[in-house]
Amino acid sequence: MHGFALALLLARALTRVRSRVREKKSLAATRPVGQKNRCQQSRLNKAATLSGSDDDTASDPRVHTTALGFLAPGNLEDERMTSVDRKIRSAAGMLAVGLAGAGLGRIEDDRGSRNRRWSVLSLAKGLMVGLVVGLQGFKQLEALTDSLSRGMRGKLGIGRRLSDTTARDFLVHARLASLQSALHRQVRTALRRKQLEPVGLPCNVVAFDGKTTMTPYGGGLYAQEQSAGRHAMRTMTCTLVSSRAPICIHASPIPKETNEMRHFATAAREVARAYGRGSLVELVTADAGMTSLENATVVHEELHAGYLFALKGTQSELLAEAERLLANLPHGQAVARTEETIGGKLERRLLWHTTEMAGYHGWTHLRTVLRVRWETVSKDGTLLAEMERYF
């Protein structure tokens with residue numbers, strides 16, 4: 001059931017990015033013949049330039065059929081450049097470099113011996129190509145792998161058409177722990193290559209956030225019934241938000257009998273086992289729904305990291321004391337402020353902090369409490385909107 005839960009989450013991810021495959025095909029079908037020929041001739045000329053051919057042979061399609069063969073199968077009339085073509089080329093390069101340390105071939109699955117015609121590595125790469133290109137489902141993945149050229153198949157390691165049922169069955173039977181391990185290996189490889197250095201922040205910051213995917217399928221360890229025919233598949237997603245491109249470093253499925261606050265400590269311990277203490281995670285952020293003394297203690301003692309938790313009514317005593325100390329401080333006492341004009345309106349942010357709550361109410365590792373205020377001001381100085389948060 002672990003693999004089935006992950007299959008649902010991956011299917012949801014595939015549907016979030018809009019694909020232009022059908023639109024490109026319909027546009028190409030309605031393009032005038034003369035325009036088709038011009039596009040074909042332009043590509044032939046470009047191939048001639050790249051291959052160093054002279055002008056006399058630039059217009060001869062027989063010379064450049066092989067040079068263009070890596071774009072797509074079929075005759076030259078159908079080998080038009082599309083956004084998907086470009087994405088596939090980029091995906092091939094990214095997968096070759098980015099997945100070098102992921103060890104996708106080491107993913108374990110429970111497929112029977114009769115369903116082993118595909119290697120794990122080829123299946124995993126096929127699914128990764130579908131995600132990178134932005135396909136909407138397994139049917140489109142099948143069509144894409146069916147149309148790959150011989151050269152691109154060699155680069156991606158996908159020897160033939162990957163059927164939608166084969167891709168689905170692999171995800172259903174893949175073992176969750178081995179999928180997580182592949183993700184951890186990839187992140188550790190990027191960390192060793194200095195690709196995850198913080199940008200604009202002084203340390204590595206990881207956001208713990210609950211994500212939910214709705215599905216009609218119930219049963220198992222994770223599908224929590226919401227109403228008739230509607231079930232929630234929830235994960236605790238841990239994202240490194242301080243790097244130039246935020247990346248997911250861990251995803252932990254939440255059992256149906258618990259909630260985000262109680263599962264937070266489990267996810268934090270999993271991250272500690274995967275990456276060690278204090279190496280990758282230096283500061284953890286979470287919303288008010290996960291703010292508790294137990295969770296803060298796990299971050300401090302087991303991850304050896306700091307925490308930035310939102311304060312709301314779930315921690316009423318802490319919030320009341322923070323408001324008593326910070327709520328009435330004037331703008332002039334703000335320790336930091338930023339201002340920018342957006343759409344003719346002034347967006348102002350102010351920050352106050354106090355250390356007087358250090359060790360307050362059993363929070364022995366608590367050091368600082370923050371108050372952040374957002375203001376939107378019109379050109380004539382009128383306050384249009386305001387919002388305050390405590391951390």
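The values are calculated or read from the model by the stated rules, or taken from the named source; none is laboratory data. Values in this document were obtained by computation on a predicted structure and should not be read as measured data. With ideal geometry, Cβ positions are generated from the backbone for all residues, glycine too; neighbour counts draw on all protein chains shown. Side chains included, ligands, DNA and RNA excluded: accessible areas come from the protein's heavy atoms. Shrake-Rupley method; radii C 1.70, N 1.55, O 1.52, S 1.80 Å.
The condition of being buried (at least 17 other Cβ atoms within 10 Å of the Cβ) and either in contact (Cβ under 8 Å) with a residue 12 or more places away in the chain or of a type in the set (Phe, Trp, Tyr) (or both) holds for only one of GLN186, GLN226, GLN195, that being GLN186. ALA228 satisfies every condition listed in (1) at pLDDT 90 or above; (2) aliphatic (A, V, I, L, M); (3) over 29 Å from GLN315 (Cα atoms) except (1). Here the range 200-255 is the region considered, the condition is being part of a strand (DSSP E or B) and touching a Gly at 6+ places or on another chain (Cβ under 7 Å), and the residue that is nearest to LEU303 (Cα to Cα) is MET236.
Taken together, the residues in the range 349-363 that are modelled with pLDDT of 95 or more and either charged (D, E, K, R) or open to solvent by 80 Å² or more (accessible area, probe 1.4 Å) (or both) amount to 4. Of all the listed residues (THR285, THR297), the sole one being more than 25 Å from the chain's Cα centre (by Cα) and either open to solvent by 40 Å² or more (accessible area, probe 1.4 Å) or of a type outside the set (Phe, Trp, Tyr) (or both) is THR297. Condition check for GLN315 on (1) closer than 30 Å to LEU383 by Cβ; (2) assigned to a strand (DSSP E or B); (3) open to solvent by 30 Å² or more (accessible area, probe 1.4 Å): one failure, at (2). Going through the range 212-223 one residue at a time, which ones are free of Cβ contacts under 8 Å to residues at least 40 places away in the same chain and under 14 Å from SER252 (Cβ atoms)? The answer is THR212, and nothing else.
Restricted to helices (runs of 4 or more DSSP H) entirely inside the range 145-194, those with at least 3 residues that are among the hydroxyl-bearing types (Ser, Thr, Tyr) are 176-192.
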